[in-house]
Amino acid sequence: MNYQLNQRLFCVTGSSGHLGSQLTKLLEEKKIKFIKFKIPRPTEMDRNLKSFYSKHVNEFLTSNKHVDTIINCAATLKPKNHEEFYFNSYFPILFQESLFKLNEHSTFINISSTRIFKNSIDKYSLSKKNSEKVIFNKGKIVSIYPDIILDKTKGSYSDLENILSSKIPFVPVFNPGNYFYPINCSFLAEKILEISLNKKENKRKIIICGNKKISFYEIVDEINNRNKRKIIVSIPSKYFKLFPSFIKNFFYKSYYLQKFEDSDFLNHINKNDYDIIQTEFKL
């Protein structure tokens, strides 16, 4: 691949996260010029969040006028307050608007999530849906929707391992629960870099996922079988609709406990609206 190394300057936000750190590692290996933008977070004195983030974004872009492509990996996975929810929802919008005012030929790549295609109403999913409503209004935009990233010891894999390491001897899991097309972070980073170097189209929506359909129950069972930690109690997903409303709402709003529906997001989208990239997945 011709990366046109001498003419491109990338910027990565969220570079300390799982995907962001993999991307910066890849950029270094390819000897591609890039800078990191560590986004300041407001204090209690910063009541106007729009003004706060706009100020810091404009200062950064003014000081780095040669940035050609922004890859926005920054997000709070479990927003706990208004500021964190606002950051996920509106920071990408403020960033792209400021970028295109200074350089209308630049590219803004936003990392979203396939959770926006599901019935999830936890704060992370809702914040991503909010951002999606207006992010395609201006400029050269690429929105990337990765499915669940599963790599040993990191991210969602680590979260599930922690649950399976609790003192409770058994873990109830909906079966089959949501269906996923898991992806390895290294492949995702490679594809994002490929996409970022393709400037032929102004606006694109791209789903990146694995080629193997796996249920939430199968993922939990596979991780558990490696250490035989727990007794997995299978709860048929069809019984979820029999639960009282207050229990259903608890599951819908929980980041961890909403993997209950027997649904496949690829069957519920208009595939003409998205490019879909799939690859082999290894856990």
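Being buried (at least 16 other Cβ atoms within 10 Å of the Cβ) and modelled with pLDDT under 75 holds for only one residue in Lys205, Lys228, Lys253, Lys259, and it is Lys259.
Checking each residue in region 104-132 for being within 24 Å of Leu61 (Cα to Cα) and among the acidic types (Asp, Glu) picks out Glu104, Glu132.
Test Glu28 against the criterion of being outside any helix (DSSP H, G or I), free of Cβ contacts under 8 Å to residues at least 40 places away in the same chain and either over 14 Å from Leu197 (Cβ atoms) or in contact with a Leu (Cβ under 6 Å, 6 or more places away or on another chain) (or both), and give yes or no.
no
Figure legend. Inter-residue proximity from region 87-103: first residues closer than 13 Å to Phe60 by Cα, second residues among the polar types (S, T, N, Q) and outside any helix (DSSP H, G or I), beta-carbon distance below 6 Å, spacing 6+ or different chains. Indicated pairs: Leu99/Ser106.
The values are calculated or read from the model by the stated rules, or taken from the named source; none is laboratory data. All values reported here derive from a predicted model rather than from experimental measurement. Note: ideal-geometry Cβ built from the backbone for every residue, glycine included; neighbour counts use all protein chains shown.
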